[in-house]
Amino acid sequence: MSSLSVISLLTGFLTAMVVISEFPSSSSSNGDDPPKKPQQSQKKPQEEEDKSKQIITQQENHLSFFSPIPQELIEACLSLIPRRDYPTISLVSRYFRRLIASSSLYQHRSLLNITDSVLYAFVGFPPFDYPRWFILHRNRNQSNSLQLRIIDTLQHFPFGSALVTIGQKMYVLGGCDGYRERTNGVFLMDCRTHRRRELRHMRGARYRAAVGVIDGKIYVIGGREKRYPDWVEVLDLKTGIWSSLIGPFPLGAREGEFETYVVMQQKIYLLDYSSCLSYEPRTRNWESCGMLREFWQRSSCVVDDMLYTIDPQFRLGSLVIVYDPREMNWRSVNVVGDLPHLFYYDSKMANFGGKLVILGTSQGRYTPGIKDICCVVIALEKRENGEIRGNVELVECVLTALSSPSIELCRTITF
């Protein structure tokens, strides 16, 4: 059954239930209201208001209390719909918004072995437009199967924010406001409904901090000078309380503004313009990672606890290279297939369900002319001899712009 058919079916269910809930109750045999005397038809304003509130409450809850269709059946129908349609369905009513945001729906999808990987990209068009959220959308009945579409319901977040994904949620921390001042704000973006809410602020304002999630806690590092005692803060996800970690802190990263960061083997790895560090929260141990810094670029991601990145200079003989933290060395990925000519220095990479996704522009940021954002999907294969092969599965133009796009970041959410 197609997603459009399921949506039509659910819409029919909803319409039928609204009609059923609006039938007046009566003890007469033909269902009509009994005749009223003229003096009975006039009610006090308070009575009219109470009745209106009662009708509104019944209409809001008719799906849960008066619906002849069990919620399990509705969840079963929703489970068959691609995840990309969920934000639209959540606009139907409050009931569907609560259902889309509930954990039971995703547990049902898990039991059916239905998962979707959804790529979110934060793209701007300087100097005129602030970065906005886009989603990599699969088209229906069009020549190009993938396209970046803007998410109108999501506001932009402060420039230079740190971002981490947990389940179907994104945590956005710090950044610069409109006056170029560092902020300590924290926002939670629910990717199930594309709504966001503000959380308890950090103690210190931060810009270009590093962030990682380990053992149910969010660690925020840097984003401000190291002389501050709250250079590292920790958010306990269970209690929602922030706390500061006491030093000593590493010698590098004095300014604390990081280019990129990842988590591998329960360690947070940080890259700035002059150094590369790792931090292990369980032992509170800091280490310098000189070998990692040699090839690590901002366009990178982690797959199976190994770091993949772009090497535009082909210093190891391949555009895509990988770092194994256990062996502490870099090696090339044998890419099979044709790769497009992109400006890979400004590209962004993400783990897309175990595959590599690269978003890059067809020309440099300052090159005149129309700019295309292309999407490259590479499937990874580990060979018996230890070689890692990358098979190019897809190369498509996903967005065309008249001005130069700037891809700030991309993240994958799995539903």
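For every residue, the table says whether it meets (1) surrounded by 21 or more Cβ atoms within 10 Å (Cβ to Cβ); (2) touching a Cys at 6+ places or on another chain (Cβ under 9 Å); (3) of a type outside the set (Lys, Arg); (4) within 19 Å of Cys374 (Cα to Cα).
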residue	(1), (2), (3), (4)
Leu235	yes, no, yes, no
Pro248	no, no, yes, no
Glu287	no, no, yes, no
Trp296	yes, yes, yes, no
Met328	no, yes, yes, no
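Counting only residues that are β-branched (Val, Ile, Thr) and touching a Pro at 6+ places or on another chain (Cβ under 8 Å), segment 349-363 holds 1 of them. Do we find that Leu154 is under 30 Å from Tyr106 (Cα atoms) and out of contact with any Leu (no Cβ under 6 Å at 6 or more places or on another chain) in this structure? In short, yes. Lys238 meets all of the listed conditions (1) at pLDDT 90 or above; (2) under 23 Å from Ile407 (Cβ atoms); (3) in a loop (DSSP other than H, G, I, E, B) but one, namely (2).
Being in contact (Cβ under 8 Å) with a residue 12 or more places away in the chain, acidic (Asp, Glu) and on the phi > 0 side of the Ramachandran plot is a property that Asp272 lacks.
None of Leu399, Leu409, Leu359 is touching a residue at least 40 places away in the same chain (Cβ under 8 Å) and surrounded by fewer than 21 Cβ atoms within 10 Å (Cβ to Cβ) except Leu409. Entry remark, segment 206-227: residues being of a type outside the set (D, E, K, R) and surrounded by fewer than 17 Cβ atoms within 10 Å (Cβ to Cβ) number 3 in total.
Note on segment 160-186: among residues that are in contact with a Leu (Cβ under 7 Å, 6 or more places away or on another chain) and not in a loop (DSSP other than H, G, I, E, B), the one that is farthest from Leu277 (Cα to Cα) is Lys169. Which of the residues belonging to segment 377-413 are under 18 Å from Ser299 (Cα atoms), over 19 Å from the mean Cα position of the chain (by Cα) and modelled with pLDDT of 90 or more? Ile378, Ala379, Leu380, Gly390, Val392, Val395, listed by residue number. When Leu146, Leu163, Leu188 are checked against the criterion of being buried (at least 17 other Cβ atoms within 10 Å of the Cβ) and at pLDDT 85 or above, a single residue qualifies: Leu163.
Only strands (runs of 3 or more DSSP E) whose full extent lies in segment 273-383 are considered here, and the ones with at least 2 residues that are farther than 20 Å from Ile407 by Cβ and not aliphatic (A, V, I, L, M) are 276-280, 285-288, 320-324, 329-332, 371-382. Selection of first residues in segment 320-342 that are touching a residue at least 40 places away in the same chain (Cβ under 8 Å) and under 14 Å from Gly390 (Cβ atoms) and of second residues that are among the acidic types (Asp, Glu) and crowded, with 18+ Cβ neighbours inside 10 Å, restricted to Cβ pairs under 8 Å at least 6 apart or on distinct chains, gives the following pairs, ordered by first then second residue: Val320/Asp311.
The values are calculated or read from the model by the stated rules, or taken from the named source; none is laboratory data. From a predicted model like this one, the values you see are computed outputs, not experimental measurements. All Cβ positions, even for glycine, are placed from backbone atoms using ideal geometry, and neighbour counts span all protein chains on display.
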